Amino acid sequence: MKLGYVLRKRTGQLALVLAVGFVVIGFFGSALAPYGPLDASAAPLAPPSTSHWFGTDSLGRDILSRILAGAGISLLGGVLVSLVAFFVGTIPGILSVYLGRVFEWASLRLMDTVIALPFLIVAVAVTALLGNGLIPALVVVGVLVSPIFYRVARSVALSSVTADYVLAARLYGASTYWVVSRHILPKLIPALAVTFANTVAAGLIVISSLSFLGIGVQPPAPTWGGVLAETLGYISRSPLAPVFPSVFIIAAVWAFHALADLLRDAETEPVRRQTTAALASSPLSIAGKG
Amino acid sequence: MLEVKNVDVSYRSRRGRNDVLTDVSVTVGAGEAVAIIGESGSGKTTLARAILGVVKPRSGEILFEERDLVGLRGSERTAFRRSGQIDYVFQDTLQSLDPAVPVGDSVIEPVLVRSKTSRAAAVERGRELFDRFGLSQSLVDKRPAQLSGGQRQRVGLIRALIQRPKLLILDEPLSALDAANRASTIDLLTGLTGHGTALLLITHDIGSAAAITERTYVLWRGEIVEEADTAQLIRDPEHDYSKLLVGSAGSLLRHGSSKEARQALRRRLELT
Amino acid sequence: MSVTEPLVAVENLSLAAEAPILTDVSITLERGRVLGIVGESGSGKTLLVKAILGVLPGGVRKTSGTIELFGEDAGTFEAKKWRSLWTSRLGAVFQDPGSYLNPSYTVLQHFNEFYRVALKLPRGERRNRALLALQAVNIRDAEQVLTRYRHELSGGTLQRILIALALARSPDVLIADEATTALDVTVEAEVLDLISDLRDDGDMSIIVVSHDLAVVSRLADDVIVLRNGVVVEAGPTQRLLSAPKSDYLRLLIDSHTKYGIDRVAGHPQAASAG
């Protein structure tokens, strides 16, 4: 039902196509690449041509192949960050509503602290401490981003706990299991799905930024951020080159954010339609009246 | 059938103890319709919550068919709630119906929770009640926000009645309704007592008490200040607050007290 | 304008948005009289009020008819003219008083803002005027109340403050649209008594709008019954109540006589004035 809503909109169709496309590239990128990403296959800094759609970099490697090959790590990085954030944030978020004031206070303060940390700088610091590994850096970023899941989970749980419809269910003798599975989970899952999609996009940016800075993936292995950094290095001689990795990053980030937005809209659609109709037929409040 | 005896409810805040209900006693007999009239701050919602076991009284007893309700432990209370002898209708249906669940499903939820009835049978009964209450079958799949206030109110009523409770507690059931819906809902409710369901109406609208109930308690600042047959209360209230209530109530006959009388009562009650 | 001309004259007004809202509605408010408009939700009453006040929301258009305020055609009014009317001749209160007050202002600050901007009162005078304004609406502890914020006050007090603010304009016309709907019964009576005093003491001309026929009939000299954008009945209150012509009005009357307190009453209540 929700997917239907997403598919009916043009943005939804585009976002879905892109997202699926990127996932496919992520898995099969290396196989799809026309040339080996590490092989010099033509003259360096060649402009886009029929044999090299995006041209070549300063070492003569096909840029398209490098982008395709690097897709997997970039996207995987995004997903990894989200998974870590999901697991670290969601459970405490839900528990903060049920486990009493002390836990609530402690977890809230902890999350406030975490969210205040600038994740890129912390990632760089972690790299300095633990060595130039990508996975540790991503896990740390996942933890730093987890407050988002905490807040969403907590918000849904909180509004459910105080809602009259939950009280109503309790009054006719519903068990906690019933209340959770019928009234709370169905609200939690869509909210978390939306957050997840948004976080994948954010994770993508993070890993691109990290590899742009040279953290994580060792050269000459390609990543989108890394390729962007490389191409920027010789932008004066090959001005078009940085455009290609940028477009991929932007498109992927957009696609996931758009999917998240549409999923959220799909969830609230019937009520929004109703509210709009109600507002159209009844007067809005006066603004600026003396 | 329902006996509330000398109930005190209070809660602690940083400023000390806050008495919400003091020495409240109310009885409802089988098949009787009784009203508790109170305005904001009177403690009427707390009284309902105490009867339903959501709030625990500091002292006093609450008995249903001679059985103590206050001392019920967790599983006993759940069992009692599952027996469906007492049901409750919320005032605000936008909050009391799950906004993400189609109303047809909300309505049969008590049946599914409480009994082993098949879903199909429950749905059938739900549809039957939709018909009886004048709701179109096309509404069954809609969400609460897509219904009008009057329709939602009836959905809330159906949910509470679907298992024929012995006692139905209603919190301001008529406040959101227009004249036509108000009339039909009142007819519906008076019909219920004819079938043996007892009603406890909690409201600030003495008019609805007049239309539905035989006896009325007046609750003011956590205390019962008067108890009388509803008609008697309206014709000849004794307590100053009852006089103010009756004199303030909406009436077309203009028989009620004058402005001056109301102002004098307010001064005596230190309300103004 | 002459003394005998109506203050508000709506003639054959039709409003529409995507669907018709009002059709051919005519009402008049004479000086010193109270006009009651009874309408349930969907009747168009609030948009009628907003049309009179010149604050119709964007999507609503006037498709026919005229509105005359104080003898002039409101259709010709520009923003400046409306502003001057709002600050000196027209006052209005609506449902849910809290939403019309700024949560970060004290009550005094609300008055000050009006006094400073609209009346250009010097600072020294403002507090006293505000005190008097609150006392005029029967608020005890006016000094205390002036220092309070919106969330610290009850609905009844808030509504009276809004009436006081409306009165600060010394308006010729006061419009109360469901002003007591959100209030408890005794508090509602208090506010209605206050409005009744305004009519009795001053020569305030008032339009009272409510879904509740009792509220309207308590105050109004003449009543208009509005349903689905159409005037169903109109006339002096007593005549309408004793001899309703339309089924709809009969239904509204039944709400009280068959389904309300009037079913039981009918004997005068023995309320002593203490």
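The values are calculated or read from the model by the stated rules, or taken from the named source; none is laboratory data. Everything numeric in this text was worked out from a predicted model, so none of it was measured. Here the Cβ is made from the backbone with ideal geometry for all residues, glycine too, and neighbour counts use every protein chain on show. Remember, those area values only see protein heavy atoms, side chains included, never the ligands or the DNA or RNA. Shrake-Rupley method; radii C 1.70, N 1.55, O 1.52, S 1.80 Å.
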Worksheet item: What are the principal axis extents of the Cα atoms in chain A, in Å, biggest first?
Response: 76, 50, 48
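Hey, what number do you get for chain A at 222 nm if only DSSP H runs of n ≥ 4 count, each worth -39500 (n - 2.57), divided across all residues, to the nearest 500?
When only DSSP H runs of four or more count, the value is -24500 deg cm²/dmol.
So what's the net charge close to C:Ala136: Lys and Arg +1, Asp and Glu -1, counting the other residues with Cβ under 10 Å from its Cβ? Don't skip to the end; give the middle numbers.
On the way: positive: C:Arg160; negative: C:Asp197, C:Asp201.
That works out to -1.
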Worksheet item: Using 7 Å Cα-to-Cβ label points, what is the A:Arg10/A:Leu45 separation (nm, one decimal)?
Response: 4.1
Practice prompt. Compute, for C:Met204, the solvent-accessible surface of its heavy atoms (probe 1.4 Å) with the complete set of protein chains present, and express it in square angstrom to the nearest 10.
Written response: 30
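Counting only other chains, what is the mean number of Cβ atoms within 10 angstrom of the Cβ of each residue in peptide C:94-100?
1
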Fill in: Segment C:Ser14-C:Asp73, extension gain: residue separation times 0.36 nm, minus the distance between their alpha carbons
19.7 nm
Worksheet item: Under a plain spin-label model, where a point goes 7 Å from the Cα along Cα-to-Cβ, how far apart in nm are A:Arg101 and A:Val161?
Response: 1.3
Worksheet item: Residue-wise, which Karplus ³J(HN,Hα) couplings in Hz belong to segment C:210-224, taking 6.51 cos²θ - 1.76 cosθ + 1.60, θ = phi - 60°, and x for glycine or proline?
Response: 7, 7, 9, 4, 5, 4, 5, 5, 5, 10, 8, 7, 10, 10, 10
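Excluding B:Pro110 itself, calculate the net charge of residues whose Cβ lies under 12 Å from the Cβ of B:Pro110, where each Lys or Arg counts +1 and each Asp or Glu counts -1. Intermediate results must be reported in sequence, preceding the final value.
Values: positive: A:Arg170, B:Arg81, B:Arg82, B:Arg114, B:Arg125, B:Arg159, B:Arg164; negative: B:Asp87, B:Asp105, B:Glu109.
Spelling it out: positives minus negatives among the neighbours equals +4.
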Discussion item. Quick check: from the Cα gyration tensor, does chain C come out rounded (a/c under 1.5), prolate or oblate?
Written reply: oblate
Worksheet item: Taking H as built 1.01 Å from N, whose amide H comes closer than 5 Å to the amide H of B:Glu223, not counting residues under 5 places away?
Response: B:Thr22
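Once the other residues with Cβ under 10 Å from the Cβ of C:His211 are scored (Lys, Arg +1; Asp, Glu -1), what is the net sum? Walk me through the numbers before you get to the answer.
Details: positive: C:Lys45; negative: B:Asp178, C:Glu40, C:Glu178, C:Asp212.
In short, -3.
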Worksheet item: Based on the Cα coordinates of the protein assembly as shown, what is the per residue volume of their convex hull in Å³?
Response: 225
Response to the item:
With every protein chain in place, the residues of segment C:203-232 shedding 40 Å² or more of accessible area versus the chain by itself (probe 1.4 Å) are C:Arg218
Worksheet item: Using the Karplus equation 6.51 cos²θ - 1.76 cosθ + 1.60 (θ = phi - 60°), what ³J(HN,Hα) coupling, rounded to whole Hz, does each residue of segment A:109-123 give in order, writing x for Gly and Pro?
Response: 5, 4, 5, 4, 5, 4, 6, 7, 6, x, 5, 5, 5, 5, 4
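How large is the accessible surface per residue of segment C:107-203, computed with a 1.4 Å probe and reported in Å² as a whole number? List each step's numbers first, then the result.
Working: 4240 Å² over 97 residues.
With all protein chains present, segment C:107-203 gives 44 Å² per residue.
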Worksheet entry | Percent RCO, i.e. relative contact order, over segment B:110-171, from Cα pairs under 8 Å lying at least 6 residues apart | 36
Item to complete: Ignoring ligands, DNA and RNA and using a 1.4 Å probe, state the total buried accessible area between B and A in Å², rounded to the nearest 100.
Response: 2100
Practice prompt. Nearest 100 Å² is fine: how much accessible area is buried between B and C, summed over both sides, with a 1.4 Å probe?
Written response: 3800
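Counting other Cβ atoms within 10 Å, keep those with at most 11, restrict to DSSP loop, and tell me which trypsin sites (Lys or Arg not before Pro) in segment C:1-70 are left. If you can, show how the numbers build up before the last one.
Numbers: sites: C:Arg31, C:Arg33, C:Lys45, C:Lys50, C:Arg61, C:Lys62; in loops: C:Arg31, C:Arg33.
Of the trypsin sites (Lys or Arg not before Pro), not one in the loops of segment C:1-70 has a Cβ with at most 11 other Cβ atoms within 10 Å.
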Discussion item. Report the Cα centroid-to-centroid distance between segment C:1-30 and segment B:1-27 in angstrom, as an integer.
Written reply: 53
Worksheet item: How large is the accessible surface per residue of segment A:2-289, computed with a 1.4 Å probe and reported in Å² as a whole number?
Response: 48
Worksheet, complete the sentence: In segment B:78-104, accessible area falls by at least 30 Å² from chain alone to full assembly (1.4 Å probe) for B:Arg81, B:Arg82, B:Phe90, B:Gln95, B:Asp98, B:Pro99
Practice prompt. Would you tell me the accessible area of B:Glu3, worked out with a 1.4 angstrom probe on the heavy atoms of the protein chains, in Å² to the nearest 10?
Written response: 50
Worksheet item: Taking segment A:9-113, which chymotrypsin sites (Phe, Trp or Tyr not before Pro) meet the DSSP loop condition and have no more than 16 other C-beta atoms within 10 Å?
Response: A:Trp53
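Averaging sequence separations of C-alpha pairs under 8 Å and six or more residues apart, then dividing by the length of segment A:2-289, give the relative contact order as a whole percent. Provide the component values of the computation, followed by the final result.
Details: 408 pairs, mean separation 70.4, N = 288.
Relative contact order here is 24 percent.
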Fill in: Amide proton proximity set for A:Lys9, modelled H, under 5 Å, gap of 5+
none
Practice prompt. Amide H neighbours of C:Ile207 under 5 Å, at least 5 residues apart or on other chains, H built in the peptide plane: list them.
Written response: C:Leu35, C:Leu174, C:Ile175, C:Ala176
Worksheet entry | Exposure ranking of A:Leu263, C:Leu134 by accessible area [1.4 Å probe, largest first] | A:Leu263, C:Leu134
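With all protein chains present, how much of the accessible area of chain A (probe radius 1.4 Å) comes from carbon and sulfur, to the nearest whole percent? Show your work: numbers first, answer last.
Details: 10150 of 13960 Å².
That fraction is 73 percent.
Suppose we flag GluC sites (Glu not before Pro) only when DSSP calls them loop and at most 11 other Cβ atoms lie within 10 Å. Which is the longest uninterrupted stretch of chain C?
C:79-274
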Worksheet item: Any idea how far the Cα center of segment B:98-147 sits from the one of segment A:142-199, in Å?
Response: 23
Practice prompt. Measure nothing fancy, just the Cα-based angle from helix A:185-212's long axis to the longest principal axis of chain A, in degrees from 0 to 90, nearest 10.
Written response: 30
Discussion item. Rounded to the nearest 20 debye, what is the charge dipole size of chain B about its Cα centre when +1 sits on each Lys and Arg Cβ and -1 on each Asp and Glu Cβ?
Written reply: 800
Practice prompt. Determine ³J(HN,Hα), in whole Hz, for all residues of segment B:131-145 in sequence, where each value follows from phi through the Karplus function 6.51 cos²θ - 1.76 cosθ + 1.60 and θ = phi - 60°; x replaces Gly and Pro.
Written response: 4, 4, 8, x, 9, 5, 4, 5, 7, 4, 8, 7, 8, x, 5
Item to complete: Report, to two decimal places, the Cα Rg of chain B normalised by 2.2 N^0.38 Å (N = number of residues).
Response: 1.05
Worksheet entry | Dipole-positive endmost among A:Leu110, A:Ser236, A:Gly26 within segment A:2-289 (Cβ charges, Cα centre) | A:Leu110
Practice prompt. Kindly provide the helix-only [θ] at 222 nm of chain C, computed as the sum of -39,500 (n - 2.57) over DSSP H runs of four or more divided by all residues, to the nearest 500 deg cm²/dmol?
Written response: -11000 deg cm²/dmol
Item to complete: Could you tell me what percent of the accessible area of segment B:1-151 is made up of carbon and sulfur, with a 1.4 Å probe and every protein chain present?
Response: 45
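Mean residue ellipticity at 222 nm from the helices of chain B, using -39,500 (n - 2.57) per DSSP H segment of n ≥ 4 over the full residue count, to the nearest 500 deg cm²/dmol?
Values: 11 runs with 110 residues, N = 272.
That calculation yields -12000 deg cm²/dmol at 222 nm.
DSSP loop (so not H, G, I, E, B), at most 16 other Cβ within 10 Å: list which chymotrypsin sites (Phe, Trp or Tyr not before Pro) in segment C:83-163 pass both filters. Don't skip to the end; give the middle numbers.
Working: sites: C:Trp86, C:Phe94, C:Tyr100, C:Tyr105, C:Phe111, C:Phe114, C:Tyr115, C:Tyr149; in loops: C:Phe94, C:Tyr105.
Of the chymotrypsin sites (Phe, Trp or Tyr not before Pro), the ones in loops of segment C:83-163 whose Cβ has at most 16 other Cβ atoms within 10 Å are C:Tyr105.
Taking only C-alpha pairs under 8 Å that are 6+ residues apart, what is the relative contact order of chain B in percent?
Values: 483 pairs, mean separation 66.0, N = 272.
24 percent.
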Fill in: Test item: A:66-76 mean partner chain Cβ contacts at 10 Å
0
